[in-house]
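Novice: I have a structure I would like to understand better, so I am pasting it below and will then ask my questions one at a time.
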Amino acid sequence: MRDFDVRLAVKAALAKKYAGDVRTRIVDEMGIWAGSARIDIAVINGELTGYELKSDRDTLQRLDKQAELYNQVFDRVILVAATRHVDRILERVPAWWGVTVAESAGQHGSVHLRETRPPELNPAIDALQVARLLWRSEALTVLAKHGLDKGFRTKRAELLAMRLAACLPMRTLCGEVRQTLKSRQGWLGEPVGN
């Protein structure tokens, strides 16, 4: 079972779950920490949910570092993993992470997904890391919307993110970031206007 097969199964399940839901955006390879880490699939709607995929061919070598980063940003994380990884994963990831087993379902690379542990809400999102998901122009727009842009219009992106994290309540900040990410144009190689 290859990563490609697991990804296809997860994307098909998400497409079915969110069919016709204009409030949801599904993004492949979403970067966090200024692109230094990427989650395999992100679902952006009333929450920011990350899906990390571990196929038979993957190792768990990077999992601890990935978990450390994802824990700071995502409302929920779901690890979709081949059966051989599940026991070690359950020992290593936080209890609030969801775990779904990906099993081969016959020939031609088809994959069956079986939820082992449902995801719960992240108890400790980091406001600064959430604010850093925004591009500079986006952060400035959010600051202006809340009357927080005076004296910051020419500042670099990091200072804008720090201002957002310090001045907006977590719920407001997360809502603004999600809304911005859902409507972002020209992201991840997408042509503007999609």
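The values are calculated or read from the model by the stated rules, or taken from the named source; none is laboratory data. Every value quoted in this text rests on a predicted model; they were computed, and no experiment measured them. Backbone-built Cβ (ideal geometry, glycine too); neighbour counts: all protein chains shown. Each accessible area value is taken on the protein alone, full model and side chains, heavy atoms only, with ligands, DNA and RNA left out. Shrake-Rupley method; radii C 1.70, N 1.55, O 1.52, S 1.80 Å.
Novice: Which FRET efficiency value, to the nearest 0.05, do you get for SER110 and ASP28 by plugging their Cβ-Cβ distance into 1/(1 + (r/R0)^6) with R0 = 25 Å?
Specialist: Taking R0 as 25 Å, the efficiency between SER110 and ASP28 is 0.80.
Novice: Using a Gaussian network model on the chain with a 10 Å cutoff between Cα atoms, which of ARG171, ARG84, ARG163 fluctuates the most?
Specialist: ARG171
Novice: I've got another one for you. What is the percent carbon and sulfur in the accessible area of the chain, measuring with a 1.4 Å probe over the protein chains and ignoring ligands?
Specialist: Here carbon and sulfur together make up 52 percent of the probe-accessible area.
Novice: Ok, one more. Cβ under 10 Å from ALA67's Cβ, ALA67 left aside: what net charge do those residues give with Lys, Arg +1 and Asp, Glu -1?
Specialist: Once all neighbours under 10 Å are counted, the net charge is 0.
Novice: Going Cα to Cα from LYS65, which lysines come in below 22 Å? Please leave out same-chain ones fewer than 8 positions away.
Specialist: Counting by Cα, and skipping residues close in sequence, LYS65 has these lysines nearby: LYS54.
Novice: Continuing with this model, one more query. Counting Lys and Arg as +1 and Asp and Glu as -1, what is the net charge of the other residues whose Cβ lies under 15 Å from the Cβ of GLU91?
Specialist: Net charge in that neighbourhood comes out at +3.
Novice: If the only charges are +1 at each Lys and Arg Cβ and -1 at each Asp and Glu Cβ, what is the size of the charge dipole of the chain around the Cα centre, to the nearest 20 debye?
Specialist: Computed about the Cα centre, the dipole is about 600 debye.
Novice: Also: Anyone know which of HIS146, HIS85, HIS112 comes out most mobile in the 10 Å Cα GNM of the chain?
Specialist: Taking springs between Cα atoms under 10 Å, the residue moving most is HIS146.
Novice: Taking the 0 to 90 degree range and rounding to the nearest ten, how far is the long axis of helix 3-17 tilted relative to the main principal axis of the chain, both from C-alpha atoms?
Specialist: Relative to the chain, helix 3-17 is tipped by roughly 70 degrees.
Novice: For the chain, with the dipole built from +1 on Lys and Arg beta-carbon atoms and -1 on Asp and Glu ones, taken about the Cα centre, which of GLN72, ILE125, THR141 lies farthest toward the positive end?
Specialist: So the residue furthest toward the plus end is THR141.
Novice: Now for a separate question. Which value, in debye to the nearest 20, gives the size of the charge dipole of the range 60-158 about its Cα centre, when Lys and Arg are +1 and Asp and Glu are -1 at the Cβ?
Specialist: Here the range 60-158 has a charge dipole of around 460 debye.
Novice: I'd like the accessible area for THR141, computed on protein heavy atoms only with a 1.4 Å probe and all protein chains in place. Round to 10 Å², please.
Specialist: Taking all protein chains as shown, THR141 has close to 90 Å².
Novice: A further question on this structure: Please give the calculated 222 nm ellipticity per residue for the chain, where each DSSP H segment of at least 4 residues contributes -39500 (n - 2.57) and the sum is spread over every residue; nearest 500 deg cm²/dmol?
Specialist: The helix contribution divided over the chain gives -10500 deg cm²/dmol.
Novice: Shifting gears a bit: Compute the distance from the alpha-carbon center of the range 1-33 to that of the range 56-91, in whole Å.
Specialist: With the range 1-33 and the range 56-91 each reduced to a Cα centre, they are spaced 17 Å.
Novice: Over the range 47-194, with the other protein chains present, what is the accessible area per residue in square angstrom, probe 1.4 angstrom?
Specialist: I get 52 Å² per residue for this part.
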